[in-house]
Amino acid sequence: MGRKVLILNQDYSALSICSVPKAFLLVYLNKAELVAESSNYFLRTVSTEFPMPTVIRLHRYIHLPYKGVMMTRQNIFKRDGHRCVYCGLHEELTLDHVLPKSRGGRTSWDNLVTACKRCNTRKGDYTPEEALMPMRHRPFKPSFIMFLRDYSGATDDSWMPFLSKREKVS
């Protein structure tokens with residue numbers, strides 16, 4: 001059961017994703033309500049059948065001071081589609097600093113990209129322009145909603161009304 005459930009805060013804003021068993025437990029313990037359920041799948045016991053949740057809403061508001069996407073190696077790979085931004089290969093991937101660290105480049109969402117070992121070695125201590133290696137897309141910091149919608153790999157159609165809302169920019 002590898003399905004995921006979207007967790008909404010009390011105000012219907014996207015908060016996180018979790019496993020089906022955890023979502024069912026939150027609903028069963030009356031900590032959340034079922035907002036959307038799967039029409040094809042059910043949770044069954046010996047004597048009872050329950051709807052499988054796809055979206056739940058918490059009864060209490062959870063205040064999160066910072067709701068962003070953590071910059072990790074895997075999240076950068078996800079953002080770049082597990083492909084080298086220079087040649088498009090998806091094997092032997094590494095991280096590359098667009099502006100090399102030796103030239104003042106920072107380790108940030110806007111300066112890190114996915115690159116195969118061959119392209120990373122070829123680019124070396126140059127910028128993509130100096131190495132004559134155009135990038136397929138520029139690096140960017142994904143928003144939390146964008147990351148849930150596009151990169152979590154487990155979205156359900158019932159999530160879209162809650163993930164298509166624009167985030168407030170602070």
(request) Return the calculated 222 nm mean residue ellipticity for the chain, to the nearest 500 deg cm²/dmol, obtained by summing -39500 (n - 2.57) across DSSP H runs with n ≥ 4 and dividing by the residue count. (result) -4000 deg cm²/dmol
(request) With a ≥ b ≥ c taken as the square roots of the eigenvalues of the C-alpha gyration tensor of the range 1-75, please select rounded if a/c is under 1.5 and otherwise prolate if a/b is larger than b/c or oblate if it is not? (result) oblate
(request) Express in nm, to one decimal, how much length is gained between ARG73 and THR127 on full extension, taking 0.36 nm for each residue of separation and deducting their alpha carbon distance. (result) 17.4 nm
(request) Work out from phi, with θ = phi - 60° and the Karplus expression 6.51 cos²θ - 1.76 cosθ + 1.60, the ³J(HN,Hα) of each residue of the range 100-105, listed in order in whole Hz, and give x for Gly and Pro. (result) x, 4, 5, 10, x, x
(message) For a quick check, take a GNM of the chain with Cα springs below 10 Å and name the residue from VAL113, VAL46, VAL35 with the largest mean-square fluctuation.
(response) VAL46
(message) With a 10 Å cut-off between alpha carbons and a GNM built on the chain, which of THR94, THR114, THR72 moves the most?
(response) THR72
(request) Can you check what the net charge comes to around ARG3, using other residues whose Cβ is under 14 Å from the Cβ of ARG3 (Lys, Arg +1; Asp, Glu -1)? (result) -1
(request) Sum up the charges of everything whose Cβ sits under 14 Å from the Cβ of THR72, counting Lys and Arg as +1 and Asp and Glu as -1, but leave THR72 out. (result) +3
(message) Can you give the longest run of the chain that contains no GluC sites (Glu not before Pro) sitting in a DSSP loop with at most 16 other Cβ atoms inside 10 Å?
(response) 1-90
(request) Report the calculated FRET efficiency for SER38 and ARG118 (r = Cβ-Cβ distance, R0 = 35 Å), to the nearest 0.05. (result) 0.20
(message) Given points 7 Å out from each Cα along the Cα-Cβ axis, report the TYR61 to HIS82 separation in nanometres with one decimal.
(response) 4.0
(message) Pick from LEU64, LEU99, LEU15 the residue whose mean-square fluctuation is largest in a GNM of the chain, springs joining Cα atoms under 10 Å.
(response) LEU64
(request) Within the set of other residues whose C-beta is less than 14 Å from the C-beta of ASN120, count the net charge using Lys and Arg as +1 and Asp and Glu as -1. (result) +2
(message) I need the phi-derived Karplus couplings for the range 10-16: 6.51 cos²θ - 1.76 cosθ + 1.60, θ = phi - 60°, integer Hz, Gly and Pro marked x.
(response) 4, 8, 6, 7, 5, 10, 5
(message) Run through the range 1-88 and list the chymotrypsin sites (Phe, Trp or Tyr not before Pro) located in a DSSP loop whose Cβ has at most 12 other Cβ atoms within 10 Å.
(response) TYR61, TYR66
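Read the figures in this text as sums done on the coordinates, not as results from a lab. The structure presented is a predicted model; accordingly, all values stated were derived computationally and were not measured. Every residue, glycine among them, receives a Cβ derived from its backbone with ideal geometry; neighbour counts consider all protein chains shown.
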